[in-house]
Amino acid sequence: MLRAYRELVGSLDAELIRDHNLPLTSYEVLIALADAPENRLRMGELANALLLSRSGLTRLVDRLERQGLVERARCPEDARGWHAVLTDKGRAKLDAARPAHLEGVRRHFLDHLSDEELDALAEIWKKVTPA
C-alpha cells in the first residue's frame, strides 16, 4: 500500500511540476481552499485537512503567498488566528492544473482497476478509516 501510494504521488507530483510548476502539496492547498466556504480556512484547519504539521503548512503557505496564489487574512472571530485565502491568481493556477491532475489520477490509478475492484476498494477504505 505504501509503495503504491509513494509511486502514485511521485508520478502526480512530477507531472504537476513539469506541466504547471505546481507541486502536488501546493495543489492540495489550493483545492482545499477552493472547496472551503469563501475560499478560506483557518491555518490549523488547513494543516489538519492536509495531514501536515502546522509548521510545515506555514512554510508551504509562505511559498504560495510569495507566488501570489494564497494570502493570509486575520480571523474576524479570533484576532490571534489567521486564515489562508485563495487568491484569483491561485484560482487560475488551480483551474489550469486540475484537468492534468484528474487525468493523471485516471491514468496512474483508476484505469488499472475494474468498476468492481473500485467498489471493493471503497468498501475496504470505509472499514479501515471509519471516521
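The values are calculated or read from the model by the stated rules, or taken from the named source; none is laboratory data. Values in this document were obtained by computation on a predicted structure and should not be read as measured data. Here the Cβ positions follow ideal geometry from the backbone for every residue, glycine too, while neighbour counts run over all protein chains shown. Ligands, DNA and RNA are excluded from the accessible area calculation, which covers all protein heavy atoms including side chains. Shrake-Rupley method; radii C 1.70, N 1.55, O 1.52, S 1.80 Å.
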*Long-range HN-HN contacts of residue 81 with modeled amide H, under 5 Å*: 75
*All other residues with a Cβ under 14 Å from the Cβ of residue 98 taken together, and with Lys, Arg as +1 and Asp, Glu as -1, what is their net charge?*
-3
_Given a 1.4 angstrom probe, what's the average accessible area per residue across the chain, in square angstrom?_
66 Å²
*Per residue, how much space in cubic angstrom lies within the convex hull of the C-alpha atoms of the range 64-131?*
153 Å³
*Relative to the longest principal axis of the chain, what angle (0 to 90°, nearest 10) does the C-alpha long axis of helix 24-35 take?*
70 degrees
*Nearest-10 value in Å² for the accessible area of residue 112, using the 1.4 Å probe*: 130 Å²
*Heavy-atom accessible area of residue 128 with all protein chains present, probe 1.4 Å, nearest 10 Å²?*
90 Å²
*Would you calculate the separation in nanometres between label points at residue 107 and residue 63, each defined as 7 Å from the Cα along the Cα-to-beta-carbon direction?*
2.3 nm
*Which order do 57, 121, 2 take when ranked by solvent-accessible area (1.4 Å probe, heavy atoms of all protein chains), largest first?*
2, 121, 57
*Scaled to the compact-protein estimate 2.2 N^0.38 Å, what is the alpha-carbon radius of gyration of the range 1-40, rounded to two decimal places?*
1.36
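First compute the accessible area of the range 55-110 with a 1.4 Å probe, then give the percent of it belonging to carbon and sulfur atoms. Let's see the in-between values first.
Numbers: 1710 of 3260 Å².
Heavy-atom surface of the range 55-110 belonging to carbon and sulfur, 1.4 Å probe: 52 percent.
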*Got a sec? What order do 55, 114 fall in by accessible area at 1.4 Å, biggest, i.e. largest, first?*
55, 114
*Hey, what angle do you get for helix 2-20 against the long axis of the chain, alpha-carbon based, 0 to 90 degrees rounded to 10?*
60 degrees
_Can you tell me the orientation of helix 54-66 relative to the chain, as the angle in degrees between its alpha-carbon axis and the longest Cα principal axis, to the nearest 10?_
70 degrees
*What does the accessible area of residue 88 come to, in Å² to the nearest 10, when a probe of 1.4 Å is used?*
140 Å²
*If you average the sequence gap of Cα pairs under 8 Å that are 6 or more apart and divide by the length of the range 1-111, what percent do you get for the contact order?*
29 percent
*Classify the range 11-131: rounded, prolate or oblate, from the alpha-carbon gyration tensor (a ≥ b ≥ c, eigenvalue square roots; a/c under 1.5 rounded; otherwise prolate if a/b is larger than b/c)?*
oblate
